[in-house]
Amino acid sequence: MGRREELGDAAIAVVSAAGLKGLTHRAVDTMAEVPAGTTSNYFRTRQALVDAVADRIEQRDLEVWAALGAPPETFEAFTHWLGAFARAMVVEHGELSRVRFSLFMADPDRYAPGHDRFLGSVAGALQLLGVEGSDVVAPAFLDYLDGVILHGTTVRPHAVPTAEVIAANLARLAGH
């Protein structure tokens with residue numbers, strides 16, 4: 001991992017602990033345990049720092065996605081795979097999820113492209129699996145998964161559904 005990634009991870013930790021208002025170059029330097037001014041050398045403006053957080057979150061999301069392996073080739077297995085992804089984003093990567101939601105709330109238009117890329121991946125997979133109306137089903141899937149992740153990282157961390165329950169609910173959304 002390079003210095004940019006280390007600083008990006010430290011910035012994610014800062015936002016998770018102190019919110020976007022707490023994100024400063026100095027706070028990231030402190031969190032990363034690097035000399036004062038290091039973060040500013042890599043990310044000259046606050047906006048560059050916020051953008052680095054968004055980029056690093058997407059990079060780490062893709063790492064979680066990749067760790068689950070290639071998307072399965074059946075609808076049932078795919079919904080279970082998405083359920084495992086949602087649980088991982090709560091149980092193992094809740095910090096990423098909380099920060100992502102903070103960014104979405106702060107400036108939804110700026111961060112919509114990352115969401116749209118994920119939506120396109122899910123819609124494409126559903127289409128390949130022969131799901132009728134995949135262009136309608138995919139947004140419903142993401143809305144549900146976002147709800148699971150939001151509640152699991154905030155008000156109901158003790159009641160995160162299993163991957164099986166999530167898969168069954170996704171199947172219902174798709175009319176299966």
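The values are calculated or read from the model by the stated rules, or taken from the named source; none is laboratory data. Treat the numbers as computed from the prediction; the structure is a model and nothing was measured. Note: ideal-geometry Cβ built from the backbone for every residue, glycine included; neighbour counts use all protein chains shown. Note: areas computed on protein heavy atoms with side chains; ligands, DNA, RNA excluded. Shrake-Rupley method; radii C 1.70, N 1.55, O 1.52, S 1.80 Å.
Quick notes
- Sole residue being open to solvent by 20 Å² or more (accessible area, probe 1.4 Å), out of contact with any strand residue (DSSP E or B) (no Cβ under 9 Å at 6 or more places or on another chain), outside any helix (DSSP H, G or I) and modelled with pLDDT under 95, chosen from H176, H115, H158: H176
A quick yes/no check of all residues on (1) in contact with a Leu (Cβ under 8 Å, 6 or more places away or on another chain); (2) free of Cβ contacts under 8 Å to residues at least 40 places away in the same chain; (3) of a type in the set (G, A, S); (4) open to solvent by less than 20 Å² (accessible area, probe 1.4 Å):
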position: I12; (1), (2), (3), (4): yes, no, no, yes
position: A17; (1), (2), (3), (4): no, yes, yes, no
position: G37; (1), (2), (3), (4): no, yes, yes, no
position: Y42; (1), (2), (3), (4): yes, yes, no, no
position: R46; (1), (2), (3), (4): yes, yes, no, no
position: V53; (1), (2), (3), (4): yes, no, no, yes
position: P72; (1), (2), (3), (4): no, yes, no, no
position: F85; (1), (2), (3), (4): yes, no, no, yes
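- Residue within the stretch 135-151 that is free of Cβ contacts under 8 Å to residues at least 24 places away in the same chain, outside any helix (DSSP H, G or I) and open to solvent by 20 Å² or more (accessible area, probe 1.4 Å) present: no
- Checked against the criterion of being closer than 30 Å to Y42 by Cα, surrounded by fewer than 20 Cβ atoms within 10 Å (Cβ to Cβ) and either in contact with a Ser or Thr (Cβ under 8 Å, 6 or more places away or on another chain) or touching a residue at least 12 places away in the same chain (Cβ under 8 Å) (or both), the candidates E76, E95 yield just one match: E95.
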